[in-house]
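Data block below; observations after.
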Amino acid sequence: MSIECARAARGFPDYEQGALADQLRRACYSVPLNIAEGCTRQGSREYRRFLDTARSSLAEVETIIEIAREMEYLEPAQFGRIEALVRETGRTLYGLLRKISDATRTPRT
């Protein structure tokens with residue numbers, strides 16, 4: 001997802017390179033980087049915090065690609081590919097969050 005988004009951002013108009021395209025690049029890179037950093041942390045609570053940040057960045061990516069579609073910076077097919085990758089990433093991220101949440105629950109007796 002990150003690579004496809006970064007490639008798409010290169011195609012935005014020159015006047016958007018310092019604004020929307022840059023924001024898309026930063027948000028799309030943030031998703032896997034936060035997941036990776038969270039994996040190295042000790043404890044589920046810290047890992048969860050990084051996963052939450054990744055989820056927030058993913059929501060930002062979703063919004064930016066919607067804006068880019070409306071502004072016609074993305075071709076429909078390109079938007080469809082990116083949207084599918086964003087959804088897949090979201091499902092994976094949700095699964096990680098659910099796994100962490102399940103791991104932090106303590107059994108009641």
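The values are calculated or read from the model by the stated rules, or taken from the named source; none is laboratory data. This is a predicted model, so every value here is computed, not measured. As a convention, Cβ positions derive from the backbone with ideal geometry for all residues, glycine included, and neighbour counts pool all protein chains shown. Accessible surface areas use protein heavy atoms only, side chains included; no ligands, DNA or RNA. Shrake-Rupley method; radii C 1.70, N 1.55, O 1.52, S 1.80 Å.
Would you work out if region 1-53 is rounded, prolate or oblate? Take a ≥ b ≥ c from the square roots of the eigenvalues of the alpha-carbon gyration tensor; rounded if a/c is under 1.5, else prolate when a/b is larger than b/c, oblate otherwise.
Prolate is the answer for region 1-53, as a/c is 1.5 or above and a/b outweighs b/c.
Please flag any cysteine in the chain that has no other cysteine's Cβ under 4.7 angstrom from its own Cβ.
C39
First select every other residue whose beta carbon is under 14 angstrom from the beta carbon of Q17; then total the charges, Lys and Arg +1, Asp and Glu -1.
Net local charge, Q17 excluded: +1.
How much accessible surface area, in Å² rounded to 10, belongs to the heavy atoms of D102 with a 1.4 Å probe?
Approximately 80 Å² of D102 is accessible to the 1.4 Å probe.
Taking the solvent-accessible surface of protein heavy atoms with a 1.4 Å probe, what is the per residue accessible area of the chain in Å²?
With the other protein chains kept in place, the chain gives 64 Å² per residue.
How big is the charge dipole of the chain about its Cα centre, in debye rounded to the nearest 20, if each Lys and Arg gets +1 on its Cβ and each Asp and Glu gets -1 on its Cβ?
880 debye
Any chance you could give the angle, 0 to 90 degrees and rounded to 10, that helix 44-70 forms with the longest Cα principal axis of the chain?
Once rounded, one gets 20 degrees.
Please report Rg over Rh for region 25-109, where both radii come from the alpha carbon positions and Rh follows the Kirkwood definition.
Result: Rg/Rh = 1.10.
In percent, what relative contact order does the chain have, based on Cα pairs under 8 Å that are 6 or more apart in sequence? Could the numbers behind the result be given before it?
Numbers: 95 pairs, mean separation 30.6, N = 109.
Normalised by residue count, the contact order of the chain is 28 percent.
Helix 76-104 versus the longest principal axis of the chain: what angle, 0 to 90°, nearest 10, using Cα atoms?
10 degrees
What accessible surface, in Å², does a 1.4 Å probe find on Y94, ignoring ligands, DNA and RNA and rounding to the nearest 10?
Roughly 130 Å² of Y94 is accessible to a 1.4 Å probe.
GluC sites (Glu not before Pro) within region 1-105: which are DSSP loop residues with at most 12 other Cβ atoms inside 10 Å?
E72
Restricting to DSSP H runs of at least four residues, report the calculated mean residue ellipticity at 222 nm for the chain, -39500 (n - 2.57) per run over all residues, nearest 500 deg cm²/dmol.
Calculated mean residue ellipticity at 222 nm is -27000 deg cm²/dmol.
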